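Undergrad: I'd like to ask some things about the structure below.
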């Protein structure tokens, strides 16, 4: 009798844990759908922190997460660009604990050359790199047409960064620095050569036609499980629609490699690659 009672207790605890886990998953899914709706609808606050925004300037979008020490370098390097087209920097901060630091450094920065304006979003929740596409869709909804550049906060760029990427800008094309051709998995791959068609390009150091986010399916078709793998999703979504993905010839150097989040999602990236291959 005692044995049966103990077993019943264990069964009840297991059942409760399963129910709580299921409820948590449902809550997460509902919250994600709401975040996606708010993001693609532009229901977030964008603040003009520096300079004067001009719709003809070149949008450069950066997501910020755990590298607050990098903000000065980002501002300095984008202000040093040699291209005649001014830079319109859009920052999305996914880590609100760094908010005051970013605001202070942006306020202290003295724009001297190519950085015309800085716009800023302080997100109360970490929405991952997909947030950069929420900003891109907002640009589109506000009438912008053409290309935008994406930069990661762990990348150092030269003064010719925007020059090099603008030289690769073509309608319905994505061109970037971190470009590869797949062999049989996400990690079994070969580096693409400049100008060569690729299967995958990372979002950092990339120029993309803003039309990529014209349809809301860019957001609604992305499974929640893979929602932080927006780089792979961007490439697959573009290829399904006949877009070209190419290797760009641009000088970029990685810094703070130990903070790269891919170290924690390597297996998930391969799983997503398999999912996308079966989908095509």
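The values are calculated or read from the model by the stated rules, or taken from the named source; none is laboratory data. Here the structure is a predicted model, which means the values were calculated and not measured. Positions of Cβ are generated from backbone atoms using ideal geometry, with glycine treated the same way; all protein chains shown enter the neighbour counts.
Undergrad: Starting from residues that are without any contact (Cβ under 8 Å) to a residue 60 or more places away in the chain and farther than 21 Å from residue 171 by Cα, keep the ones in the range 217-256 and report whichever is surrounded by the most Cβ atoms within 10 Å (Cβ to Cβ).
TA: Among those residues, the one meeting the criterion is 229.
Undergrad: Could you please give the count of residues in the range 201-216 that are surrounded by fewer than 17 Cβ atoms within 10 Å (Cβ to Cβ) and in contact with a helix residue (DSSP H, G or I) (Cβ under 9 Å, 6 or more places away or on another chain)? Spell out the reasoning first.
TA: Of the range 201-216, the ones surrounded by fewer than 17 Cβ atoms within 10 Å (Cβ to Cβ) are 214-216.
With the extra rule that they be in contact with a helix residue (DSSP H, G or I) (Cβ under 9 Å, 6 or more places away or on another chain), the set shrinks to 214, 216.
The number of residues fulfilling the criteria is 2.
Undergrad: May I pose another question? I'd like to check something: does the range 73-80 contain any residue that is assigned by TED's automatic domain parsing to the domain that holds residue 126, at pLDDT 95 or above, touching a helix residue (DSSP H, G or I) at 6+ places or on another chain (Cβ under 6 Å) and surrounded by 17 or more Cβ atoms within 10 Å (Cβ to Cβ)?
TA: Step one: list which residues in the range 73-80 are assigned by TED's automatic domain parsing to the domain that holds residue 126, which gives 73-80.
The next check asks that each one be at pLDDT 95 or above; those that pass are 73-80.
Cutting the leftovers down to touching a helix residue (DSSP H, G or I) at 6+ places or on another chain (Cβ under 6 Å) gives us none.
Scanning the range 73-80, I find no residue that is assigned by TED's automatic domain parsing to the domain that holds residue 126, at pLDDT 95 or above, touching a helix residue (DSSP H, G or I) at 6+ places or on another chain (Cβ under 6 Å) and surrounded by 17 or more Cβ atoms within 10 Å (Cβ to Cβ), so the answer is no.
Undergrad: Still on this structure, please answer the following. So, residue 200, is that one more than 15 Å from the chain's Cα centre (by Cα), touching a residue at least 24 places away in the same chain (Cβ under 8 Å) and under 24 Å from residue 268 (Cα atoms) or not?
TA: On the way: more than 15 Å from the chain's Cα centre (by Cα): no; touching a residue at least 24 places away in the same chain (Cβ under 8 Å): yes; under 24 Å from residue 268 (Cα atoms): yes.
Here the answer is no, as residue 200 does not meet what is asked.
Undergrad: To continue, here is another question. State yes or no: is residue 212 assigned by TED's automatic domain parsing to the domain that holds residue 57, within 19 Å of the chain's Cα centre (by Cα) and part of a strand (DSSP E or B)?
TA: Numbers: assigned by TED's automatic domain parsing to the domain that holds residue 57: yes; within 19 Å of the chain's Cα centre (by Cα): yes; part of a strand (DSSP E or B): no.
Judged against the criteria, residue 212 is not a match.
Undergrad: Can you tell me which of (1) buried (at least 19 other Cβ atoms within 10 Å of the Cβ); (2) under 11 Å from residue 116 (Cα atoms); (3) out of contact with any helix residue (DSSP H, G or I) (no Cβ under 6 Å at 6 or more places or on another chain) is the one residue 94 doesn't meet?
TA: (2)
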